[in-house]
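The block underneath contains the structure these notes are about, expressed in structure tokens.
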2 protein chains.
Amino acid sequence: MPDVTRAARGGARRSETSRRAILAAAFELVGEVGYARLTIEGIAARAGVGKQTIYRWWPSKGVVLLDAFLALSEDPQGDPALPDSGDLEADLKLVLRATAAELVDPRYDLPMRALAAAMLTDPSLRAEYEQRLEQPLRAVKRARVERAVAAGQLPPGTDLDLAVDLLWSPLWRRWQDGGELTAAFADALVETVLAGLRAR
Amino acid sequence: MPDVTRAARGGARRSETSRRAILAAAFELVGEVGYARLTIEGIAARAGVGKQTIYRWWPSKGVVLLDAFLALSEDPQGDPALPDSGDLEADLKLVLRATAAELVDPRYDLPMRALAAAMLTDPSLRAEYEQRLEQPLRAVKRARVERAVAAGQLPPGTDLDLAVDLLWSPLWRRWQDGGELTAAFADALVETVLAGLRAR
DNA sequence: TCAACGAGACGAACCGTCTCGTATTGAAAT
DNA sequence: ATTTCAATACGAGACGGTTCGTCTCGTTGA
């Protein structure tokens, strides 16, 4: 068993080439055949890698997928903040419309469904996703709402987590249910939720 | 292949005993070992049934699970309407609190996660769920909101589907994410969404 | 020097199909 | 009404195929 924490005295290190090939193969494969037919052997074959190399570094298919997503979102180092034009409603509509468009993008739909399905039935994977993706993203969303509170666009004492949940949850759910994710829906969602938050 | 549409001239009919045993076994098993380790062979063994009897009547594990849920919700013929005390906010808080309690019930948590995961990666299962469970339930929810509109508690022209989505989506999503489903959350959710709907 | 690597052999589990012999049913014959 | 009979589902499990996760091999490379 490899000791990752301590640098080995001699011997080969983990191959970055193989790691990237595995993540890319997993992402491509799941997009082609779906999660049900995604196999470790298939990933290894497509990546040109021995099965053991996958079993050595990842505990499950789900974590491989999660890493594949992290690799995707880390490569183009997007700005870690939501737009802030001063107009919360306009900014949120922009972001939610973009999110909706991304969700229905055929390149991401199947892989995201696979990851979501894996998380539903694997608490440890859910915890790792929570720590490595969900929490940072939520912090960014909370920060934008918090700035709106500071600017007086929302009442002081606004529940930031509630606000984030109300804004994004219906989008995710419609995507899962296969419902229509239109810009009109995103707009109505933002308008209604913000009206509710302002009225508190 | 059995012809279900036309009555056969002779021969045995589908065994209701086996059908019930299979659905019960599937529900119990998935609650014990989770979806990843749920196998047709395991269901057949626990139900005291041949594998072919399952393959003959169901196209996939997911549909077996869906039928198991339908059998559960059809047995106690609950009233097909949400409570209507005249106070929409109070009624919704009651319903959402009950839903939250049901979601965290350890008897239902794993089976529901399994079904949700199966639907995420199987569009045909999703369509069948949509038709047999989601649409009837949504109609009941829409009807309650519609009565509130008629009673003048919500403005005319209120988007019923948007209202239902805003009210229930955050609950589902928190459950999926493993977040806390408290009565306080349900209450704040109802209060904020209704405030937003009233302000339109 | 020594651990990670690609490759693949290995037994176990489960897949979905099939083939038994048995049990149950409705229709036809008595 | 009772018996006979053909058709079909049933429980059981054999079957080849696929994937699992583990385990060796030599080879490569830091």
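The values are calculated or read from the model by the stated rules, or taken from the named source; none is laboratory data. None of these values were measured; they are calculated from a predicted model. Neighbour counts are summed over all protein chains in view; Cβ atoms, including those assigned to glycine, are modelled from backbone coordinates with ideal geometry.
Kindly indicate whether any position in the stretch A:14-26 is outside any helix (DSSP H, G or I) and within 12 Å of DNA strand D (Cβ to nearest atom). Yes: the stretch A:14-26 contains one or more residues that are outside any helix (DSSP H, G or I) and within 12 Å of DNA strand D (Cβ to nearest atom).
Considering (1) surrounded by fewer than 16 Cβ atoms within 10 Å (Cβ to Cβ); (2) farther than 21 Å from B:Tyr108 by Cβ; (3) within 11 Å of DNA strand D (Cβ to nearest atom), the lone condition that B:Pro59 does not fulfil carries the number (3). Taken together, the criteria place A:Val30 among residues that are within 14 Å of another protein chain (Cβ to nearest Cβ), more than 14 Å from the chain's Cα centre (by Cα) and of a type in the set (Val, Ile, Thr). Taken together, the residues in the stretch A:144-162 that are in contact (Cβ under 8 Å) with a residue 24 or more places away in the chain, in a helix (DSSP H, G or I) and loosely packed, with under 15 Cβ neighbours inside 10 Å amount to 0.
Consider the stretch A:163-200 and keep the residues that are charged (D, E, K, R) and part of a loop (DSSP other than H, G, I, E, B). The one that is nearest to the other protein chains (Cβ to nearest Cβ) is A:Arg200. Criterion applied to B:Arg126, B:Arg144 was being away from chain A (no Cβ under 11 Å) and out of contact with any His (no Cβ under 8 Å at 6 or more places or on another chain), and the one residue passing it is B:Arg144. Of the residues making up the stretch A:27-57, those that are in a loop (DSSP other than H, G, I, E, B) and either assigned by TED's automatic domain parsing to the domain that holds A:Pro111 or free of Cβ contacts under 8 Å to residues at least 24 places away in the same chain (or both) are A:Ala36, A:Arg37, A:Thr39, A:Gly50. Filtering the stretch B:130-161 to residues that are of a type in the set (S, T, N, Q) and at positive phi leaves nothing.
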